[in-house]
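See structure below.
The values are calculated or read from the model by the stated rules, or taken from the named source; none is laboratory data. Everything numeric in this text was worked out from a predicted model, so none of it was measured. For neighbour counting, all protein chains shown are included, and Cβ atoms are generated from backbone atoms with ideal geometry for every residue, glycine included.
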Amino acid sequence: MPKKDLTQLAYQTLQNGKSIAGLVHKGLSTKLMEMIFPEANPDTQPVSPELLNKLRLSIAELEKVDWQEAEQGLYPKAQLFEAPWAQWAKNYPNIWLDLPSTWIRRRTRSVQDIPLNIDRDNYPDYYLQNFHHQTDGYLSNHSASLYDLQVEILFNGTADVMRRRIIAPLKRGLNKFNDRKPSSIRVLDVATGTGRTLKQVKSAVPEIELLGIDLSNSYLKQANKYLNTKNGEHVQLIRGNAEELPFSSNSLQGVTCVFLLHELPQMARQNVLNECFRVLEPGGVFILADSIQLADSPEFTTVMENFYKFFHEPYYRNYINDDIKTRLNTSGFEGITAQSHFMTRIWSATKSSESC
Ligand SMILES: C[S@@+](CC[C@H](N)C(=O)[O-])C[C@H]1O[C@@H](n2cnc3c(N)ncnc32)[C@H](O)[C@@H]1O
């Protein structure tokens, strides 16, 4: 068998393995919750065999695109296998140990159960919650250490595959600056969390300057460990609010933002988009990735509705009805395109060269 086919087989095997592991974990943990805390069981709708089949086809299509874009050289194939495996293996038992406290929060509808030592004045009110019933919200090292694995399990091993869909439009957008020295190109990842998107961008365009911003110190610490190894360019990580980006106007050539908007109230959503527009240089590119919405993916309505019924996602219901294209236009963006990949929609937009 040629080497190329072996790598593809390894990729498919890995994805199938992650998918099975995610399904088994979710099946077992839900059964356990039903046994121990039946009152914590939310009123979700059953997923029909037809819907299940559509979801499977959608994952297969997503992984096909992922493989094809690696083959086209948009990112190294090694990126398809990238994960802190040893760390994940070590953390997996902690996910089980953490589950009962999430069930208790779900049962008691306790959604503002965050560490007491937090200086609340440093955060917007909407942030001080247990999104997804997460222990400590985003505000502890414990939460940051479990987050990546929890998201991979939630999406049956496709979280990184969906994040990678920002690479192609980002590289296309940055082509406008091909006449400049790569090291002078600056790309900011807004709400970077534990840094998974930055890792992907770093491997796809290693020579550019990367920056990340997030409100959580703990998540940034985790990102720093993951991104800033001894060798290679340092990624600058900054604690700050995406509604007030600490960057000069017109100072960046690219901005990315992955899985943030659905966790923001409407006003904050618009503020973040306005800020992403402001900091971009005219001609710069903005790539936004977030959940699919009712208008673009009506066939997955049940999945979207079950999501906010099962997890504490206070703004998701509003988000899936929101018109993001109009919001991008309102901020000043042009050339807006959008495409869905399984559970994620990717918007690409530019700040026109005439903007000042
Ligand atoms: C669902 S996570 C997504 C993280 C990361 N982009 C990813 O792909 O995994 C949402 C992130 O947004 C951050 N966040 C939420 N509101 C924010 C705000 N107003 N400004 C900056 N970061 C924010 C949280 O701390 C968290 O790391």
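Looking at the range 118-136, which of its residues are more than 12 Å from the ligand (Cβ to nearest atom) and under 20 Å from Y308 (Cβ atoms)? Selection gives N130, H133, T135.
Residue-by-condition table, conditions (1) within 13 Å of the ligand (Cβ to nearest atom); (2) modelled with pLDDT under 90:
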| residue | (1), (2) |
| --- | --- |
| W67 | no, no |
| A70 | no, no |
| A86 | no, yes |
| S110 | no, yes |
| L154 | yes, no |
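Of the helices (runs of 4 or more DSSP H) lying entirely inside the range 108-200, those carrying at least 2 residues that are farther than 21 Å from A223 by Cβ are 167-174. Sub-7 Å Cβ pairs linking a first residue in the range 226-237 that is in contact (Cβ under 8 Å) with a residue 12 or more places away in the chain and within 13 Å of G195 (Cα to Cα) to a second residue that is surrounded by fewer than 10 Cβ atoms within 10 Å (Cβ to Cβ) and basic (K, R), at least 6 apart or interchain, number zero.
Among the residues of this structure, R269 counts as one that is assigned to a helix (DSSP H, G or I) and crowded, with 22+ Cβ neighbours inside 10 Å. Within the range 264-288, residues that are farther than 16 Å from Y127 by Cα sit with their Cβ atoms under 8 Å from residues that are within 12 Å of the ligand (Cβ to nearest atom) and acidic (D, E), at 6+ positions apart or across chains, in these pairs: E275/E243; E275/E244. Given the structure, is E275 within 10 Å of the ligand (Cβ to nearest atom) and surrounded by 18 or more Cβ atoms within 10 Å (Cβ to Cβ)? So E275 passes the test. Of the numbered criteria (1) away from the ligand (no atom under 12 Å from the Cβ); (2) modelled with pLDDT of 95 or more; (3) over 22 Å from L215 (Cβ atoms), the one R164 fails is (1). Determine if the range 106-123 includes at least one residue that is under 19 Å from the mean Cα position of the chain (by Cα), buried (at least 19 other Cβ atoms within 10 Å of the Cβ) and not charged (D, E, K, R). No, every residue in the range 106-123 fails to be under 19 Å from the mean Cα position of the chain (by Cα), buried (at least 19 other Cβ atoms within 10 Å of the Cβ) and not charged (D, E, K, R). Restricting attention to the range 282-305, does a residue exist that is touching an Asp or Glu at 6+ places or on another chain (Cβ under 8 Å) and near the ligand (Cβ under 10 Å from one of its atoms)? Within the range 282-305, none of the residues are touching an Asp or Glu at 6+ places or on another chain (Cβ under 8 Å) and near the ligand (Cβ under 10 Å from one of its atoms). If you take the residues of the range 314-324 that are touching a His at 6+ places or on another chain (Cβ under 9 Å) and under 23 Å from L52 (Cα atoms), which of them is surrounded by the most Cβ atoms within 10 Å (Cβ to Cβ)? Once the filter is applied, the top-ranked residue is I320. Beta carbons closer than 8 Å, at least 6 apart along the sequence or on distinct chains, pair a first residue in the range 35-51 that is part of a helix (DSSP H, G or I) with a second that is among the acidic types (D, E) for L51/E299.
So that you can scan it fast, the table gives a plain yes or no per residue for (1) within 13 Å of the ligand (Cβ to nearest atom); (2) farther than 20 Å from Q129 by Cβ:
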{"site": "E233", "(1), (2)": "no, yes"}
{"site": "I238", "(1), (2)": "yes, yes"}
{"site": "P246", "(1), (2)": "yes, yes"}
{"site": "Q266", "(1), (2)": "no, no"}
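A count restricted to the range 266-312 and to residues that are at pLDDT below 95 and among the basic types (K, R) stands at 1. Taken together, K90, K77 contain a single residue that is basic (K, R), farther than 27 Å from Y308 by Cβ, without any contact (Cβ under 8 Å) to a residue 40 or more places away in the chain and surrounded by 11 or more Cβ atoms within 10 Å (Cβ to Cβ), which is K90. State which residue is surrounded by the most Cβ atoms within 10 Å (Cβ to Cβ) when the search covers only the range 219-253 and only residues that are out of contact with any Lys or Arg (no Cβ under 9 Å at 6 or more places or on another chain) and assigned to a helix (DSSP H, G or I). Top of the filtered list is Y219. For the range 278-300, taking the residues that are acidic (D, E) and farther than 21 Å from R164 by Cα, the one that is surrounded by the most Cβ atoms within 10 Å (Cβ to Cβ) is identified as E281. Return yes when G254 is more than 25 Å from D136 (Cα to Cα) and among the small types (G, A, S) and no when it is not. Yes, satisfied.
Would you point out the residue of the range 172-201, among those that are basic (K, R) and either within 16 Å of W347 (Cβ to Cβ) or within 14 Å of the ligand (Cβ to nearest atom) (or both), that is surrounded by the most Cβ atoms within 10 Å (Cβ to Cβ)? Spell out how you get there, then give the answer.
Kept after step one, since they are basic (K, R), are these residues of the range 172-201: 172, 176, 180-181, 186, 196, 199.
Cutting the leftovers down to either within 16 Å of W347 (Cβ to Cβ) or within 14 Å of the ligand (Cβ to nearest atom) (or both) gives us 172, 196, 199.
Details: R172: 13, R196: 26, K199: 23.
Filtering the range 172-201 for residues that are basic (K, R) and either within 16 Å of W347 (Cβ to Cβ) or within 14 Å of the ligand (Cβ to nearest atom) (or both), the one surrounded by the most Cβ atoms within 10 Å (Cβ to Cβ) comes out as R196.
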